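Student: Let me give you the structure first, and then I'll get to my questions.
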Amino acid sequence: MRVLAQVAMVMNLDKCIGCHTCSVTCKQTWSNRTGVEYAWFNNVETKPGVGYPRRYEDQQRWKGGWMLDKRGRLVLRSGGRVKRLLSLFANPDLPSIEDYYEPVTYDYDNLVGAPAGPDIPVARPRSVLTGRPTAITWGANWEDGLGGAPEHAGGDPNLSGEWARKVKFEFEQTFLFHLPRLCEHCLNPACVSACPSGAMYKRTEDGIVLVDQDRCRGWRMCVTACPYKKVYVNHATGKAEKCTFCFPRIEAGQPTVCSETCVGRLRYLGLLLYDADRVGEAAATADEQDLLDAQRGVFLDPNDPEVAAAARESGIPEDWLAAARRSPVYDLVCRYKVALPLHPEYRTLPMVWYVPPLSPVLDAVTGAGGDQNDPDHVFAAVTRLRIPLEYLAELFTAGDTDVVAGVLMKLTALRSHMRSSTLGEEADESALAAVGLTAGEAEDLHRLLAVAKYADRYVVPAAHKEDAAALSAIENRCPVETTGDPQPRKVMLGIPTLRRASDGGRA
Ligand code: SF4
Ligand code: SF4
């Protein structure tokens with residue numbers, strides 16, 4: 001067992017109001033510069049919709065993430081080393097600026113400098129890239145609140161199954177929810193493995209994936225390899241940039257900017273301990289629908305004395321172990337199992353997880369003439385929710401509707417129980433028992449999901465610079481051992497892919 005710690009995030013989608021505050025504060029902090037005007041390290045998508053960049057989830061087109069080859073070995077979908085090297089100068093699998101959007105500014109000078117005349121002067125949009133007047137036809141959140149959905153939301157790659165025929169975009173029949181996205185700081189990051197320069201790396205101490213600007217040569221293999229399209233090329237410097245998980249704040253024990261400023265208070269940050277020796281095996285799980293359990297199987301129980309001993313041996317400090325025991329992320333992902341990863345089928349083992357949204361289920365029960373206190377009526381309503389189970393399953397469980405239904409039933413039972421107890425009614429615990437919760441656990445989960453304070457939502461231990469030497473005792477290699485090649489990847493590519501901040505890596 002090789003224990004490593006990762007700072008991970010969970011978002012409770014029921015609470016996202018789509019205000020985009022997280023995106024704006026992130027942009028102001030990290031990408032408010034020439035060359036990355038089009039880049040949103042954090043963006044908030046309306047689902048259903050094609051997303052940003054357009055149809056990024058279509059891996060047949062963009063070749064992101066990992067897949068199993070004919071012999072069941074884990075390989076990059078973008079191809080092996082030879083194929084990637086051959087496409088260094090002409091890579092057909094890169095999104096163009098049209099797939100993101102053309103960044104614009106406005107002709108503000110005209111507003112104050114236009115000569116007096118009969119018309120009110122206007123500020124026409126100008127392309128930031130060419131300086132020429134342009135028409136605004138797309139944007140990072142063009143589809144906000146299902147804007148234009150009847151025309152283009154059908155292009156959402158998650159709507160490709162037969163079941164999607166029942167998804168309607170008429171106002172009275174449709175559904176929507178917001179999906180905030182950032183780099184997943186994956187356990188098995190395709191971007192790191194695809195980088196020919198060794199510029200992308202995953203930090204040993206906290207799992208944050210960064211780009212070393214000094215090493216980046218602008219080959220853009222990371223952009224193709226990332227299935228979430230969360231690496232951006234700065235067109236002024238020609239180098240890759242991405243979400244840094246606000247590492248200077250994390251090192252100081254503070255939450256990321258997007259978390260700190262989240263209006264819905266739906267983000268949680270905490271440590272997950274994991275066994276780095278099992279990452280490769282988990283990512284290569286044969287059945288896509290087993291990847292969720294496989295990834296959960298890599299995470300370690302911080303209360304297990306054996307795990308704690310192995311963690312100490314790996315150089316993980318005591319206060320980090322204490323933080324791992326208090327981690328809200330561990331509770332939501334492993335203890336209560338209500339958080340799910342985005343597109344586990346990409347096999348990168350993402351570390352930003354989501355509590356799926358629950359439509360107003362208790363109203364649906366009453367609307368159908370049911371009894372809100374009858375578990376059978378409540379659970380039956382979950383299968384008739386406005387947001388189709390199949391859609392959520394496409395996003396979070398590689399199509400397994402049973403897992404999504406199980407999570408939604410747990411949340412429904414929790415809601416029903418807390419409603420009864422808040423109203424002073426006699427609580428029927430049979431619904432809770434049916435989803436594997438006791439009354440005490442339900443209250444704990446309710447506290448976490450509904451009323452958790454700042455200190456409960458963000459449990460981020462400060463970095464230990466003085467322990468940097470101890471961390472170097474951990475073998476400096478990528479968690480995934482092979483990509484079908486018997487050699488460790490660091491030998492295969494000639495680069496160390498796990499690095500410490502003290503090595504001088506910069507974002
Ligand atoms: S989500 Fe982040 S860590 Fe994962 S492959 Fe993309 S850029 Fe790399
Ligand atoms: S700030 Fe929070 S509530 Fe607002 S869009 Fe971002 S994640 Fe959603």
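The values are calculated or read from the model by the stated rules, or taken from the named source; none is laboratory data. Just so we're clear, the structure is a prediction, and the values are computed from it rather than from any experiment. Neighbour counts run over all protein chains shown; Cβ positions are idealised from the backbone, glycine included. Only protein heavy atoms, including side chains, enter the accessible area calculation; ligands, DNA and RNA are left aside. Shrake-Rupley method; radii C 1.70, N 1.55, O 1.52, S 1.80 Å.
Student: Which percent of the accessible heavy-atom area of the stretch 264-457 goes to carbon and sulfur, probe 1.4 angstrom?
Tutor: Carbon and sulfur atoms account for 48 percent of the accessible area of the stretch 264-457.
Student: Next question. The chain: longest stretch without exposed trypsin sites (Lys or Arg not before Pro) (DSSP loop, at most 10 other Cβ within 10 Å), sites themselves excluded?
Tutor: On the way: sites that count: LYS70, ARG71, LYS453.
The answer is 72-452.
Student: Apply the Karplus curve 6.51 cos²θ - 1.76 cosθ + 1.60, θ = phi - 60°, to the phi angles in the stretch 149-158 and return the couplings in whole Hz, x for Gly and Pro.
Tutor: Couplings: 4, x, 7, 10, 5, x, x, 4, x, 6 Hz.
Student: How many nm separate the modelled label positions at THR438 and ALA90, each set 7 Å beyond the Cα in the direction of the Cβ?
Tutor: 6.6
Student: Kindly provide the chymotrypsin sites (Phe, Trp or Tyr not before Pro) of the stretch 1-102 that DSSP labels as loop, not H, G, I, E or B, and whose Cβ sees at most 12 other Cβ atoms within 10 Å.
Tutor: PHE89
Student: Where a Cα-Cα gap under 26 Å defines reach, which lysines qualify for LYS83, not counting those fewer than 8 residues away within the same chain?
Tutor: Within reach: LYS63, LYS70, LYS202, LYS229, LYS230, LYS239, LYS242, LYS490.
Student: Can you give the Rg/Rh ratio of the stretch 264-457, where Rg is from the C-alpha atoms and Rh is the Kirkwood radius?
Tutor: Ratio of gyration radius to Kirkwood radius for the stretch 264-457: 1.00.
Student: In square nanometres, what is one fourth of the surface area of the convex hull spanned by the alpha carbons of the stretch 1-89?
Tutor: Over every viewing direction, the Cα hull of the stretch 1-89 projects on average to 10.4 nm².
Student: Give the share of C-alpha pairs in each 10 angstrom bin for the stretch 94-139, from 0 to the last occupied bin, in whole percents, shortest bins first.
Tutor: 27, 40, 22, 9, 2
Student: While we're here: Please report the spacing between the Cα centers of the stretch 218-243 and the stretch 271-342 in Å, no decimals.
Tutor: Taking the Cα centre of each part, the stretch 218-243 and the stretch 271-342 sit 28 Å apart.
Student: Just tell me which lysines come within less than 19 Å, Cα to Cα, of LYS166; anything on the same chain fewer than 8 places away is out.
Tutor: LYS47
Student: Give me the one-decimal nm value for the distance between modelled label points at SER160 and ARG326, 7 Å along each residue's Cα-to-Cβ direction.
Tutor: 4.5
Student: Another question, then. At q = 0.11, 0.12 Å⁻¹, work out log10 I(q)/I(0) for the chain with the Debye formula, treating every Cα as an identical point scatterer and leaving solvent out; two decimals please.
Tutor: Evaluating at q = 0.11, 0.12 Å⁻¹ gives log10 I(q)/I(0) of -0.96, -1.13.
Student: Over its Cα atoms, what ratio of radius of gyration to 2.2 N^0.38 Å does the stretch 246-356 give?
Tutor: Details: Rg = 14.7 Å, N = 111, 2.2 N^0.38 = 13.2 Å.
Against the compact-globule rule of thumb, the ratio is 1.11.
Student: Express the C-alpha Rg of the stretch 14-158 as a ratio against the empirical globular expectation 2.2 N^0.38 Å, rounded to two decimals.
Tutor: Numbers: Rg = 19.8 Å, N = 145, 2.2 N^0.38 = 14.6 Å.
That ratio works out to 1.36.
Student: May I ask you to list the lysines whose Cα is less than 20 Å away from that of LYS453, ignoring any residue fewer than eight positions away on the same chain?
Tutor: Those lysines meeting the cut-off are LYS15.
Student: Okay, moving on. Between THR21 and LYS70, what's the calculated FRET efficiency when r is the beta-carbon distance and R0 is 41 Å? Round to 0.05.
Tutor: Details: r = 47 Å, r/R0 = 1.14.
The formula returns an efficiency of 0.30 here.
Student: Could I ask something else about it? I'd like the distance separating the alpha-carbon centroids of the stretch 75-136 and the stretch 360-434, in whole Å.
Tutor: 45
Student: Right, another one. For the stretch 114-247, what are the per-bin percents of Cα-Cα distances with bins 5 Å wide, up to the bin holding the maximum?
Tutor: 2, 8, 13, 13, 12, 13, 13, 12, 8, 4, 2, 1, 0
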